[in-house]
Amino acid sequence: MSSHNLTTPPAVAPPSKWTFPLATTTQTRAGTPVHVFDRPGQYVATVRVTIAMTLSTEPRELEGVAMIMARTLDEGTELRSANEFAAALERNGAAYGVEVNSDALHIEISVPVSHLAEAVQLLAEAVTRPAFNQADVGRHVTIRLGEINQERANAGYRAREAFAGSLFDPSMRRSRPTGGTPDTVRPLTNAEVAEFYHENIGPVRAQILFAGDATGVDVAAVIDDAFGSWTASAGSALETPEPLYVPGNRIVLVDRPSSVQSQLLIGCPGPDRRDDTWGAVAVASHVVGGTITSRVDRVLREEKGYTYGTRTSFTAPRKGGTFSLGGAVRTEVTGDAIREAVQILQTARDGLTEREVSESQDNLIRTAPLRYEQAESIAQQVGSNIAAGVPLDFADTYLAQIAAATPESATEAYRQYVGANGLLVVVVGEAQAVRGQLTGLGLGDVIELS
C-alpha cells in the first residue's frame, strides 16, 4: 500500500500563458477577406460572414428594416423556397443564425466539418441571392410587431430601451430600438427591404470567418467556390458616427403597473475598444459589480437583502461605450437601493485595493481559454472585433491591458468615466409606489414615462 499522504493535495503549477488563436488570411476572387482559424478536434465548425453596416443608414421612417432584411435572408432564395432551404439545412445538420447590431450584420452557419462545402453553399445562397418575397417579409413584419409588444412587457427590456433613449442624444440612431418601433416597422414591404439590401450588402463590406478543424480541408477554396463570384452594387460602408451623449444626473421612471419589483439601470457614457483603458475599466467593473462577491452585491444582496443580484459592465460597439449597473430590487426598497448603489459607485472613485484588482485580473485572464474553447465563440469574437474596427486578435491586447492594470490605473480609468459627468438612473416599476422614494436622492429631476 502506498505510504503517500492522501490528505496532501498535489502541487499546482502556474497556468501557462494563453493567446488567442491565429488566423490564416486569404481572400475570395471577389476580394472578400477570409480568415481561417484551424482548431483541431473542433469537428463542428462555424462560418460567419460579418458585413459592415451602420444602422444610421436606415431611413428614419423605416427603422427596423435592417432586422427584417436579416431575418428574411433565408426565407427563400433565387434557387429554393423557404421550406426547401430549411430542409437543406436539416439534411446537412447545420444551424443557421443572424444578428444585427449598430455597426454590422452577422450571418453564420455551424455544421459538421464533413458537410462544410454543402453548408457554405447554403450560407452563400442566403447572403448573396435572397428572394425577399412579400409573403415572407410580411410575415416577419407581423412577427416583429408581436415581439415589440412582448418586449415592452419585459421590465429588463423597458429599462434598456429607456436607458438608451435617455443617455444618447435623440439625433443618434442608438437612442432608438435596434429593431425599430411599430410605426417604423409596420410600413415595411419587400420593396423597401430589397432596396436596403442592395444599398448595403456586398463583398466589399464583408469578411468571412471559419473556426473549426480544417484537417484535410481546403477551407479557403470551399469558401471561394461559394462566395468568389459574389457581385453587388454596394460600395464601402459609411463610417459609424461618433456618439452624442446627454450628460448630467437625472432619474427616468417608467411606469409598470402592478410590478412587485423595480428594475434598475444606473449608468453613464464609457470608453470603447479604441481606448487604451479598455482593459483597466474591465478590471474596475469586475471589482465593483462583476461577481456575487463584488462591492455592490456584498451590500445590496448579502447585507441588505434588496436583490437576488446585480451586475456592472462596460460595453461598446464601434464608437462610444456605456457603463451600467443593472438588477431588480423589491419595490418597497427602491429608493434605498438606488442610494446605496450610487454611493458604492461613487466610493469606488476613491480607490480600488491591490487585492481586489489582483483577484479580478485572475478571474478575467484565467477564464479566457474557457470562453474561447468552442469554434463558435472564436468566430463570434472575431466578428465582433471586425465590427468594432479592432484587430482580429484584439483579445490578446485586451488581456494584456488587464494584466498591466494596477490599483492606481484601474481607479483612474474608472474615475475618468463613472460619475464624471453625472449618472442616469432608470427605474421600471410601479410608479405610484416608488415615486415618493425617488425624491431627495440628489440625482436630478425625475422624468416619468408611461
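Considering (1) without any contact (Cβ under 8 Å) to a residue 40 or more places away in the chain; (2) assigned to a loop (DSSP other than H, G, I, E, B); (3) touching a strand residue (DSSP E or B) at 6+ places or on another chain (Cβ under 8 Å), the lone condition that residue 297 does not fulfil carries the number (2).
Inclusion of residue 163 among residues that are within 25 Å of residue 266 (Cβ to Cβ) and touching a Ser or Thr at 6+ places or on another chain (Cβ under 6 Å) is not warranted. Candidates in the range 116-147 are the residues that are open to solvent by less than 40 Å² (accessible area, probe 1.4 Å) and of a type in the set (D, E, K, R); of these, the one that is farthest from residue 224 (Cα to Cα) is 144.
Per-residue answers, yes or no, for (1) within 30 Å of residue 139 (Cα to Cα); (2) in contact (Cβ under 8 Å) with a residue 60 or more places away in the chain; (3) not aromatic (Phe, Trp, Tyr):
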position	(1), (2), (3)
168	no, yes, no
174	yes, yes, yes
194	yes, yes, yes
198	yes, no, yes
206	yes, yes, yes
217	no, yes, yes
221	no, no, yes
231	yes, yes, yes
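A single member of 293, 331, 312 is open to solvent by 20 Å² or more (accessible area, probe 1.4 Å) and in contact with a helix residue (DSSP H, G or I) (Cβ under 9 Å, 6 or more places away or on another chain), and it is 293. Going by the conditions given, is residue 125 touching a residue at least 12 places away in the same chain (Cβ under 8 Å) and within 23 Å of the chain's Cα centre (by Cα)? No; evaluated as a whole, the condition is false for this residue. Only one of these is in a loop (DSSP other than H, G, I, E, B), among the charged types (D, E, K, R) and in contact with a strand residue (DSSP E or B) (Cβ under 9 Å, 6 or more places away or on another chain): 276, 272, 224. Name it. Going through 276, 272, 224 in turn, the sole match is 272.
Of all residues in the range 159-174, those that are under 26 Å from residue 431 (Cβ atoms) and either among the β-branched types (Val, Ile, Thr) or not in a helix (DSSP H, G or I) (or both) total 3.
Candidates in the range 55-95 are the residues that are open to solvent by 40 Å² or more (accessible area, probe 1.4 Å) and part of a loop (DSSP other than H, G, I, E, B); of these, the one that is farthest from residue 212 (Cα to Cα) is 59. The set of residues in the range 370-397 that are open to solvent by 50 Å² or more (accessible area, probe 1.4 Å), outside any loop (DSSP other than H, G, I, E, B), touching a residue at least 24 places away in the same chain (Cβ under 8 Å) and not polar (S, T, N, Q) contains only 376. Taken as a whole, the condition of being surrounded by 22 or more Cβ atoms within 10 Å (Cβ to Cβ), farther than 20 Å from residue 204 by Cβ and touching a residue at least 12 places away in the same chain (Cβ under 8 Å) does not apply to residue 107.
The values are calculated or read from the model by the stated rules, or taken from the named source; none is laboratory data. Because the structure is a prediction, the values reported are computed rather than measured. In this analysis, Cβ positions are derived from the backbone assuming ideal geometry, glycine residues included, and neighbour counts consider all displayed protein chains. Calculation scope for accessible area: heavy atoms of the full protein, side chains included, ligands and nucleic acids excluded. Shrake-Rupley method; radii C 1.70, N 1.55, O 1.52, S 1.80 Å.
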